[in-house]
């Protein structure tokens, strides 16, 4: 049975504020992640009403020490000196099997000292999207925070409109973010910053302790993980939507799901956040912004590492990203190894997708059935201009004939990395509408089940592989979404 150890709560009080949750009225459990609960050795919690109530913010878990963490960050490129957990509440850290630990956090459990006058609530639509996206990304094999439980309430909160509220209990090895260091750097709290860095190294990067400069080694690890995360987002067509530095995980996790989305049509400059007027966080900009945010972290650590060394470590990002991106794209196209000319082949493929407005997920999935010797197969029907596709396909066939993989072997490889199902925005929107308008959670339950195995053929869910409906183009998202 997992027990709370709460190492973060042993750090200096200046890093957080101790605060209790403010219960919602009549909360009810919508989703419970049994697989994650088993992993955390807390599956019995589902059968304990008092424990479930505490996970919704009503009551206390034995051993937990609720607190809201302090951090700052660069939002749309502008430094905001104090942010912090304004609607999130850290419950504690569980020690589970094999020395692994997991922090529990409630999102939407009421105001904290960092709420800046807001109500500290999360609305149902954003909470549904957070739960589904967390588990969708986990199913895709992309590092992410997880979702343990989703609770709904009839209590209302005002956003763009009055709407029902909810609480998500989310889980991560750590919720520390780049902004946790930035706030201490800009306040000149060098000793406290060093304490936090030592804690992160001990908690998340213990191998760095034996390095000549553990803080340099820490930054190197974060640079590598962030580069790999950006490459994974690009490979699957995920747009985070609000890549502020305070939304960047020190552990290289996908953190803080807001106005995110997965690409339908391949639009390189796709923006899902309706507040992002200049496209700062467009799909095509994410690798660059990942590096920009790492510079914010590097600046915060500079007194512990030194300027020249910090810049040298940050300079490794591009090579890490390119290597990870090439590996991902080689696998997506069924190439057994990356060759120098493959960059041009992949760029031509992506340009073709963009020019033709082809569906990113469907095109990659159907490409697995392409023949290296015969007709192109079903992927050809995804393109309006068949001649343009045929021109690229000829190059692709020639490339496939240069490797030893059979078509069957290549197909198996490609189906394992090109998902059949993603969490398209229209799917989440439909589930939310059913909940809000009809108190019907059946669609939510279907999606939660479907997204556990996005690479598998699931005949009962074949409709979710279809092209999205026309109305999906009109979905607009905000940070409240």
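None of the figures in this text is laboratory data; all of them are computed from the coordinates on show. Note that the structure is a prediction, hence the values are computed from the model and not measured. In this analysis, Cβ positions are derived from the backbone assuming ideal geometry, glycine residues included, and neighbour counts consider all displayed protein chains.
At a glance:
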| read-out | value |
| --- | --- |
| Mean ellipticity per residue at 222 nm, deg cm²/dmol - from DSSP H runs of n ≥ 4 across the chain, formula -39500 (n - 2.57) | -12500 deg cm²/dmol |
| For the chain: rounded, prolate or oblate by the Cα gyration tensor [a/c cutoff 1.5] | oblate |
| Cα centroid separation, the range 312-358 to the range 139-184 (Å) | 32 Å |
| C-alpha long axis of helix 342-356 to longest principal axis of the chain, angle in ° | 90 degrees |
| Nearest-ten-degree value, helix 190-204 long axis tilted from longest Cα axis of the chain | 60 degrees |
| Hull shadow area, averaged, the range 179-327 [alpha-carbon convex hull, nm²] | 9.2 nm² |
| For peptides 408-418, 462-472, 153-163, 55-65, sequence by mean Cβ density within 10 Å, most packed first | 55-65, 408-418, 153-163, 462-472 |
| Simple label model, 7 Å out from Cα along Cβ direction - residue 406 to residue 460, nm | 3.3 nm |
| Share of Cα-Cα pairs in the range 143-215 lying beyond 22 Å, as whole percent | 50 percent |
| Cα centroid separation, the range 195-263 to the range 65-95 (Å) | 16 Å |
| The range 303-358 shape via C-alpha gyration tensor axes, a/c threshold 1.5 | prolate |
| Orientation-averaged projected area, Cα convex hull of the range 333-415 (nm²) | 4.8 nm² |
| Calculated log₁₀ intensity ratio I(q)/I(0) where the Debye formula runs over C-alpha points of the range 6-108, q = 0.10 Å⁻¹ | -0.34 |
| Stretchable slack from residue 439 to residue 322, in nm (0.36 nm times residue separation minus alpha-carbon distance) | 37.5 nm |
| Rg [Å, one decimal], Dmax [Å, integer] - the range 3-175, C-alpha atoms | 15.6, 46 |
| Mean separation of Cα contacts under 8 Å, 6 or more apart, over the residue count of the chain: relative contact order % | 14 percent |
| C-alpha long axis of helix 286-305 to longest principal axis of the chain, angle in ° | 40 degrees |
| The range 413-481: C-alpha pair distances exceeding 17 Å, % | 49 percent |
| Global geometry of the range 253-405, whether rounded, prolate or oblate, following the gyration tensor of its Cα atoms and the 1.5 cut on a/c | oblate |
| Residues listed by number, the range 1-21, amide nitrogen under 16 Å from residue 43 label point at 7 Å toward C-beta | 1-2 |
| Nitroxide proxy distance, nm - points 7 Å out along Cα→Cβ at residue 28 and residue 195 | 4.6 nm |
